[in-house]
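Every number in this text was worked out from the coordinates using simple rules, so none of it is lab data. Worth saying up front: this structure is predicted, and the values here are computed from it rather than measured. Here the Cβ is made from the backbone with ideal geometry for all residues, glycine too, and neighbour counts use every protein chain on show.
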Amino acid sequence: MNVDLVLYNGTVLTIDDDNPVANWIAAKDGRVVDLGFGEDFRKYLGNTNEAMDLHGKTVLPGFYDSHVNLVQTGLNLLSLNLSEIRCMDELFSLIRFKASQLPKGELIRGIGFDELRLIEKRMPNRYELDRCAPMNPVWISRVDYHTSIVNSMALHMLNLPFNLDGIVRDGRNLPNGQLTGRANALVRSHMLDRIPESEIAKGVHKALNIAIENGITTINAVEGGFTFHDKHAEFMLENKNSFPIDIALFYQTVDIEKILSKGLTRVGGTIFVDGSFGSRTAALAEPYTDDSSKTGTLYFSQEELNSFVLEAHKNNLQIAVHAIGSRAIEQALTAYEYAQSIYPRKDCRHRIEHFELPSEEHIRRASSLGIVASVQPTYEYLWGGPGKMYETRLGKTRRKKTNPFRQYIESGLIVAGGSDSDLTPMNPLLGIYAAVNHPTPEFSINVQDAIKLFTINGAKAIFEERMKGTLEMGKLADMVILDANPLEVSPSKINEISVVATIKEGNILFAV
Amino acid sequence: MQYKGVMSLFNLEICVLGNLTINVNKKSISGSISNKAAALLCYLVLNKDKTFSRDKLASIFWDSASIETARYNLRYTLWSLRKVLDADKKQTPVIVAYKDCCRINPEALIYLDVFEMERLLEESRQLMGQDLVETLSRAKSIYKGEFLEGFYINKCPEFNDWVFFERERLQRKHFDVLHRLTKLHKSAGNYHKSIEILNEMLKINPLQEELYEELIKNYLELGDRASALKQYKRCSNILRDELNLSPNENIRKLYNEIKNTNKNSRKADENPIDPTPYRQLKILFIEENKLREKPEEQILCDKLLLISTVCHSAVQMPYTCLSDCIAGIIEKADNSLLEKLPRYYWKDLCRIESAAYKFCADETPLDSLTAISEKIRIFKAFENLLNTVSAEVPMRIYIKSIQCIDRISLEFLKFFVCRNKSSNITLVLEGSEIDAESFT
């Protein structure tokens, strides 16, 4: 038999429980056609387009990243990154420099701005931005995307209705360039609307290259809706067949008619039931440790969430909602239970994105509902453990309750791993490392299970396990080659493993 | 000066609401003067009752230059403006320039849309009824866009602040006109007019909840409960998508009132709690090529059986589309499920699709029937096949180029739709010239 690709002399970790390991693997027409041990691969060497001697390297199924704000990640890669600045002068110099590189009239987009990290602890006003870029509109997004700062040219261009809430004014009652709340929402909508499709495409392809270099062959792109733009979801829909790797779109809207009219089978992603620990808006049962006046925010009433979930559920859609704090998780589970009680469906795999602080009871209920917990282990790496953000916000006792991955798996939940890029990098190996080296040891999981988060469980989370997620005969030949075997290296060294090559349906997309 | 609303009386006509246009004796001079000159002219005309020192104007328009350069630039700009504006020496000069100051000539015949709008608003204070509506409508029609829309002068912070100030002042007047008009139309029973204006206002600010509330009330006045509920949905969707907020209490209360008032007289499908499992036939009509996701890719959802077929204008043989659908179901549905359909139905399906033979063993149809009897048998057999399968697995049947469907298959679709309102099937009909009403 002729084949297209043979990988041999390595360790193929198939993640298939029946045949967990092989030494070689062959692909033809995008699918795995053979795999095995020993020297059998030699029969293909004369009949293949490409043969790769692995020299002992390790092959895994191509990685899934189950939660990516893909367009936002791409656009941010093309924007002026303001996250590292420490004073106003640095901000002004960066904008001045950017303006000097751009044609007159072209928009300067700044991202990641956080005035709390500046010596001055304040935001710039539009006159200051005018002086840096008099010939270009400037739009700066605060790190949480909840505030925009624009210069006069941008403000002029935006044609905002002045009766809008959130236009911050100076002593003369004129807009000072800062826009929050509704004004920020409208500005984001107008500004994102102006970004041409070619720019979105450029950003997305840049982001996809990063994903591919990290071994990712399938992304769950959560696009549209609050803080993002429906245009991004539309872009993904229109171009989904032109991307080098697979993109499963989660359209973030509560408009079920829209989803059905587009022939989609899933809805949501980041439908915010609550906020985040960082902004103290994740809905907790007890107040925040560092601000006892706050317990977070529930953005839906139970009735509203029930109504949305029921409508989507009745229309046979897979649903994904964002819930971090225990009160939000309670609300999401109640809504899913409500929908199931009225219209029982089997194997609907509704999802809860993040699912960071559930109670034991929540885990049991989620398991009996067949919920997919779409988690981001890298959160624990960045924010878990002593002295980090979780401890600051939640205190020493509660931070030891976040992200109990082992309990999820033991209770039978499908646990899919993601990055939530652009919040954390698209790097499944870092995610695997973080899940194995969980700062709360009793929540850590073994390497095999951690790999499953980013392979077969990712596939299950979007009903693709028959096509992808393991390396088996007939499945797609989506693979990643690593320079070391994660099952053999010390757990503390997993994040030092490198991706050597990424293969999508038998085609080598990236190789060192 | 009293403006009569007749622009032909004026030598200089300036429209600043929307894109800037400047005409002298009906001819546009926009290409003959610089942006700074146009800005200076607008500034002087809007402040026609004021006299400005040259230094003040120089500092407003040439802030970053030295005072000498700024004075020179002003002198040159005034000269170039006057040259174009006063080309006809018989007419009254527009700008009066003295050694240290300048202003607009009070005798000059100038039309400015802002003045006309303000005059109409002033006039409206004395009016009532239809006269008031007409006058406000005229004021509304003058407002063609934001003040000096798209007209931005770099490095003129004072001028730009003045633009923002004027823009807000005029925008508020315009919103006031729109609000008054919606109320007047509503109180006169012209609900459609009122709705039209409310929708215009929502285009400007789609996040203003009170407007949705008004829309709902207008639709209720029209007795159009469905549209009223749709406006609530529109409001909640946009607030959720843009702000992650629920509608305010007033609107929620109004919504609940509408729901509760009509609770007993409405169909069961509007009742949020239906104790029986929910099954409803859905038909989606989609224009050609508007369905973005390829149907094959939707099969990824395990629990949805998707059947797709394309109709071709060149293939108009009876039953072609039905035959394709049967073949699709046989290919994709589990055999155990298909075997639940009685054999006699499979026999009838064999008449149009040979793949059905495998489910009727050797009992192939040998009887000869009239065309009508055969059609009835096939229709009933296929109806039962669809219901048998969809009782276990939700189905989506996607028919592309529906305008090319053969006559009998189309007849079947209508037959099925009218007899099976509660089946778990979504029909997606993509194409042009779809007579949607014929399915209801």
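Points to keep in mind about this one:
- Counts of other chain beta carbons within 10 angstrom of each beta carbon in peptide A:254-267 average 5.
- In this structure the amide hydrogen of residue A:454, modeled in the peptide plane, comes within under 5 Å of the amide hydrogens of A:417, none closer than 5 places in sequence on its chain.
- Across peptide A:297-303, the mean count of Cβ atoms from other chains lying within 10 Å of each residue's own Cβ comes to 2.
- Under 17 Å from a label point set 7 Å out along the Cα-to-Cβ vector of residue A:239, the amide N atoms of the range A:417-431 belong to A:422.
- Taking amide H positions as modeled 1.01 Å from N, with prolines and chain starts lacking one, the residues under 5 Å from residue A:253 and 5 or more places away or on another chain are A:268.
- Counted by Cβ distance under 15 Å from residue A:482, the other residues give a net charge of -3, where Lys and Arg count +1 and Asp and Glu count -1.
- 3J(HN,Hα) from dihedral phi, the range A:127-141, Karplus parametrisation 6.51/-1.76/1.60, rounded to Hz, x for glycine, proline: 5, 5, 5, 4, 5, 7, 9, x, 9, 10, x, 10, 9, 10, 9
- The ellipsoid equivalent to the alpha-carbon distribution of the range B:356-433 has semi-axes of 24, 18, 12 angstrom, derived from the gyration tensor eigenvalues as √(5λ) and listed largest first.
- Compared with the dominant principal axis of the Cα atoms in chain A, helix A:88-101 is inclined by about 70°.
- For the range A:16-37 and the range B:331-390, distance of Cα centres in Å: 41 Å
- Under 5 Å, built H, 5+ apart or other chain: amide partners of residue B:95: B:105
- Normalised by residue count, the range A:455-504 yields a Cα convex hull volume of 89 Å³ per residue.
- Links that overshoot a 31 Å alpha carbon limit, given the list A:206/A:460; A:104/B:203; A:388/A:475; A:231/B:233; B:230/B:414: A:388/A:475
- Here the peptides A:441-453, B:314-326 are ranked by packing, the mean other Cβ count within 10 Å, and the order with the highest first is A:441-453, B:314-326.
- Sites residue A:508 and residue B:64, calculated FRET efficiency, Cβ-Cβ separation with R0 56 Å, nearest 0.05: 0.50
- Long-range tail of P(r) for the range B:1-117 (Cα pairs > 25 Å, %): 19 percent
- FRET efficiency, 1/(1 + (r/R0)^6) with R0 45 Å, evaluated for residue A:180 and residue B:50 via beta carbons: 0.80
- Volume per residue of the C-alpha convex hull in chain B, rounded to whole Å³: 237 Å³
- Two-site label geometry, residue A:293 and residue B:358: point separation in nm, points 7 Å out along Cα→Cβ: 7.1 nm
- Across all C-alpha atoms in the protein assembly as shown, the radius of gyration and Dmax reach 33.3, 111 Å.
- When the Cα convex hull of chain A is projected onto planes of every orientation, the mean area is 25.3 nm².
- P(r), alpha carbons of the range A:1-76 - 10 Å bins starting at zero, rounded %: 18, 42, 20, 15, 4
- Taking 1.567 mPa s as the viscosity and 4 °C as the temperature, the Stokes-Einstein diffusion coefficient of the range A:412-512 based on its alpha-carbon Kirkwood radius rounds to 90 µm²/s.
- Each Lys or Arg adds one and each Asp or Glu subtracts one; over the other residues with Cβ under 10 Å from the Cβ of residue A:197, this totals -1.
- Virtual spin-label span in nm between residue A:498 and residue B:260, 7 Å along Cα→Cβ: 6.8 nm
- Förster-model FRET efficiency, 30 Å R0, residue B:419 and residue B:331, C-beta, rounded to 0.05: 0.70
- Highest-first arrangement of B:230-236, A:376-382, where packing means the average Cβ count within 10 Å: A:376-382, B:230-236
- Peptides A:313-323, B:131-141, B:177-187, A:365-375 ordered by average Cβ neighbours within 10 Å, highest first: A:313-323, A:365-375, B:177-187, B:131-141
- Per residue of A:224-236, other chain Cβ atoms within 10 Å of the residue Cβ number 2 on average.
- With Cα atoms as the point set, the range A:334-442 shows a radius of gyration and Dmax of 14.6, 46 Å.
- Summing charges over all other residues whose Cβ lies under 9 Å from the Cβ of residue A:438, with Lys and Arg as +1 and Asp and Glu as -1, gives -1.
- Cα long-axis angle, helix A:302-314 against chain A (0 to 90 degrees, to the nearest 10): 40 degrees
- Net length available on complete extension from residue B:196 to residue B:280 is 26.9 nm, with 0.36 nm assigned per residue and the Cα-Cα distance removed.
- Put a dot 7 Å past the Cα of residue B:73, heading toward its Cβ, do the same for residue B:27, and the two dots end up 2.9 nm apart.
- For the range B:74-210, the convex hull drawn through the C-alpha positions has a volume of 162 cubic angstrom per residue.
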